[in-house]
Amino acid sequence: MTPHCVDWTAIPEERSPSGIGKRTIAGAGASLVRVQVPAGTVAPRHSHPHEQFVQVISGSGELETEQGTRAFAAGSVFHFPAEAWHAARFDSDTVLVETNLPG
């Protein structure tokens, strides 16, 4: 049974060679992912086959989409429809929470 209340630190972290750490909670129709991104990381232009919302918990950087380039910081929220390309640069250590909604 999936617990109703979870501490992010209780979820195993997957860490990539670039230093990005991810902790994932998978649901029946969506997933929630806590992402820790080191300062200086560049996420090249990419897209996903699913809709995605991203909340910036802490940190800062710059987001690029077809709508242009915009600075982001704690409190910013991104919305990417399925297949919408985006790229980002992270100026400081950043914590994000992604909500991924498969189509």
(message) I'd like to know if segment 27-37 contains one or more residues that are over 15 Å from Glu98 (Cα atoms), out of contact with any helix residue (DSSP H, G or I) (no Cβ under 6 Å at 6 or more places or on another chain) and open to solvent by less than 50 Å² (accessible area, probe 1.4 Å).
(response) no
(request) Please tell me if His50 is touching a Gly at 6+ places or on another chain (Cβ under 8 Å) and within 17 Å of Ala30 (Cα to Cα). (result) yes
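Which of the strands (runs of 3 or more DSSP E) found entirely inside segment 1-98 contain at least 3 residues meeting this: in contact (Cβ under 8 Å) with a residue 40 or more places away in the chain?
Ranges flagged: 31-37, 42-46, 51-58, 86-90.
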(request) Determine, yes or no, whether Gly103 is part of a loop (DSSP other than H, G, I, E, B), out of contact with any helix residue (DSSP H, G or I) (no Cβ under 7 Å at 6 or more places or on another chain), at pLDDT below 95 and not acidic (Asp, Glu). (result) yes
(message) For segment 51-103, give me the residue count where each residue is open to solvent by 40 Å² or more (accessible area, probe 1.4 Å) and not polar (S, T, N, Q).
(response) 23
(request) Look at Val42 and say whether it is closer than 19 Å to Gly21 by Cα, modelled with pLDDT of 95 or more, exposed (fewer than 13 other Cβ atoms within 10 Å of the Cβ) and of a type outside the set (Gly, Ala, Ser). (result) yes
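For segment 1-23, name all the residues that are open to solvent by less than 100 Å² (accessible area, probe 1.4 Å) and closer than 15 Å to Val97 by Cα.
To start, the set of residues in segment 1-23 that are open to solvent by less than 100 Å² (accessible area, probe 1.4 Å) comprises 2-3, 6-8, 10-11, 13, 16, 18-23.
Correct list: Val6, Asp7, Trp8, Ile11, Glu13, Ile20, Gly21, Lys22, Arg23.
The values are calculated or read from the model by the stated rules, or taken from the named source; none is laboratory data. Note that the structure is a prediction, hence the values are computed from the model and not measured. Quick reminder, even Gly has a Cβ in these numbers, built from the backbone with ideal geometry, and neighbours come from all protein chains shown. Heads up: the accessible areas ignore ligands, DNA and RNA and are worked out on the full protein's heavy atoms, side chains in. Shrake-Rupley method; radii C 1.70, N 1.55, O 1.52, S 1.80 Å.
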